[in-house]
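Taking it in order: structure first as structure tokens, then the write-up.
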Amino acid sequence: MSNTATDYRRLFDLTGRRAVVTGGSRGIGKALAEALAAHGADVAIVVRSSMERAEDVAAGLRAQGRDSFAVQADVSDEGDVERMTQAVVDRFGRIDILINNAGIVLPTPAEDCSLDQWRQTMAVNLDGVFLVSKHVGRQMIAQKSGSIINIGSMSGRIVNWPFRHAAYNVSKAGVHMLTKALATEWAEHNIRVNALAPGYIRTELTDEVLREHPDVVANHWAKGAVQNRIGTVEELAGSVVYLASDAGSFTTGEVITVDGGLTLR
């Protein structure tokens, strides 16, 4: 092959990069951690409670020749976030890629949503993204480089239906704006900040909905998308590898929607 072809392949090469993935023990987070590792990155898996699962993911990545370990931390607790960041720097020496994936959803009609439920949603989904970005961002500022990818949602753009979860929608809209603000503030430090906004994706959580409300998945989720289906975690991997790699070096402040065309109509 020509040198040009080799150079284009290298744009997506993450060899030598060190990554942090919050909520990386299952679902979307696990797939994104595996995708980064497949392209050469070493990956720290951050979880609040599922350490056994996180250790299994890390062991799988180590078996592929990557350095990987699990760190227990509550992303809504600043002390935990500081400790986690230091643990990763101690192990890896630097942090090149951050995937802010940890999140929760507590479906509740607005009139029944308690302030505690509202605040819990914001604490994890929005405060957590801010706190992890803040402390990992300080490390990236010191090293003058980095790529942060926040996992937003189509729910930050539309009110998806029929489930009612205003707090979740607002938290994800906040993630999208925080992405733009950090991209603007940290561009001078050679740090790019982008977001991925998935549509309905097949995970263990959506499988629970599929079992309990198959009509919702078939008649609302799938039919809402122009592709007439929900997506897979693997279909999010390419966007994240692009944003994490040199291929995305001129992309910052963007919210990339991957939803099978659900938000087109």
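Could you please let me know if VAL75 is part of a strand (DSSP E or B) and modelled with pLDDT of 95 or more? Working first, answer last.
On the way: part of a strand (DSSP E or B): no; modelled with pLDDT of 95 or more: yes.
Taking the combined requirement at face value, the residue does not satisfy it.
Quick one: would you say ARG192 is in a strand (DSSP E or B) and either without any contact (Cβ under 8 Å) to a residue 60 or more places away in the chain or open to solvent by 20 Å² or more (accessible area, probe 1.4 Å) (or both)?
Numbers: in a strand (DSSP E or B): yes; either without any contact (Cβ under 8 Å) to a residue 60 or more places away in the chain or open to solvent by 20 Å² or more (accessible area, probe 1.4 Å) (or both): yes.
So ARG192 fits the description; yes.
Could you say which residue among ALA167, ALA123, ALA173, ALA181 is over 20 Å from ARG94 (Cα atoms), at pLDDT 95 or above and in contact with a Phe, Trp or Tyr (Cβ under 6 Å, 6 or more places away or on another chain)?
Result: ALA167 is the single residue among ALA167, ALA123, ALA173, ALA181 that is over 20 Å from ARG94 (Cα atoms), at pLDDT 95 or above and in contact with a Phe, Trp or Tyr (Cβ under 6 Å, 6 or more places away or on another chain).
Considering only residues of segment 1-19 that are open to solvent by less than 70 Å² (accessible area, probe 1.4 Å) and either part of a loop (DSSP other than H, G, I, E, B) or touching a Leu at 6+ places or on another chain (Cβ under 7 Å) (or both), which is modelled with the lowest pLDDT?
Of everything passing the filter in segment 1-19, SER2 is modelled with the lowest pLDDT.
Exactly one of (1) open to solvent by 50 Å² or more (accessible area, probe 1.4 Å); (2) in contact (Cβ under 8 Å) with a residue 12 or more places away in the chain; (3) in a loop (DSSP other than H, G, I, E, B) is unmet by GLU34. Its number?
(3)
State which residue is surrounded by the fewest Cβ atoms within 10 Å (Cβ to Cβ) when the search covers only segment 129-140 and only residues that are under 13 Å from VAL46 (Cβ atoms) and in contact with a Gly (Cβ under 9 Å, 6 or more places away or on another chain).
Among those that are under 13 Å from VAL46 (Cβ atoms) and in contact with a Gly (Cβ under 9 Å, 6 or more places away or on another chain), it is VAL136.
Kindly provide the set of residues from segment 42-58 that are part of a helix (DSSP H, G or I) and open to solvent by 40 Å² or more (accessible area, probe 1.4 Å), ordered by number.
Once the filter is applied, which keeps residues that are part of a helix (DSSP H, G or I) and open to solvent by 40 Å² or more (accessible area, probe 1.4 Å), segment 42-58 yields MET51, GLU52, ARG53, GLU55, ASP56.
Assess whether ASP67 counts as being open to solvent by 20 Å² or more (accessible area, probe 1.4 Å) and touching a Lys or Arg at 6+ places or on another chain (Cβ under 8 Å).
On the way: open to solvent by 20 Å² or more (accessible area, probe 1.4 Å): yes; touching a Lys or Arg at 6+ places or on another chain (Cβ under 8 Å): yes.
Spelling it out, ASP67 is indeed open to solvent by 20 Å² or more (accessible area, probe 1.4 Å) and touching a Lys or Arg at 6+ places or on another chain (Cβ under 8 Å).
What's the total number of residues in segment 93-128 that are open to solvent by 30 Å² or more (accessible area, probe 1.4 Å), more than 30 Å from GLY146 (Cβ to Cβ) and in contact (Cβ under 8 Å) with a residue 12 or more places away in the chain?
Of the residues in that region, 7 qualify.
To keep it simple, each residue is scored yes or no on (1) on the phi < 0 side of the Ramachandran plot; (2) open to solvent by 40 Å² or more (accessible area, probe 1.4 Å); (3) in contact with a helix residue (DSSP H, G or I) (Cβ under 7 Å, 6 or more places away or on another chain); (4) assigned to a loop (DSSP other than H, G, I, E, B).
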| site | (1), (2), (3), (4) |
| --- | --- |
| GLY174 | yes, no, yes, no |
| THR184 | yes, yes, no, no |
| GLU188 | yes, yes, no, no |
| VAL209 | yes, no, yes, no |
| TRP221 | yes, no, no, no |
| GLN227 | yes, yes, no, yes |
| GLY238 | yes, yes, no, no |
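In segment 20-29, is there at least one residue being on the phi < 0 side of the Ramachandran plot, hydroxyl-bearing (Ser, Thr, Tyr) and open to solvent by 20 Å² or more (accessible area, probe 1.4 Å)?
Within segment 20-29, not a single residue is on the phi < 0 side of the Ramachandran plot, hydroxyl-bearing (Ser, Thr, Tyr) and open to solvent by 20 Å² or more (accessible area, probe 1.4 Å).
The values are calculated or read from the model by the stated rules, or taken from the named source; none is laboratory data. Bear in mind the structure is a predicted one, so any value in this text is a computation, not a measurement. With ideal geometry, Cβ positions are generated from the backbone for all residues, glycine too; neighbour counts draw on all protein chains shown. Note: accessible area is taken over every heavy atom of the protein model, side chains too, but ligands, DNA and RNA are not part of it. Shrake-Rupley method; radii C 1.70, N 1.55, O 1.52, S 1.80 Å.
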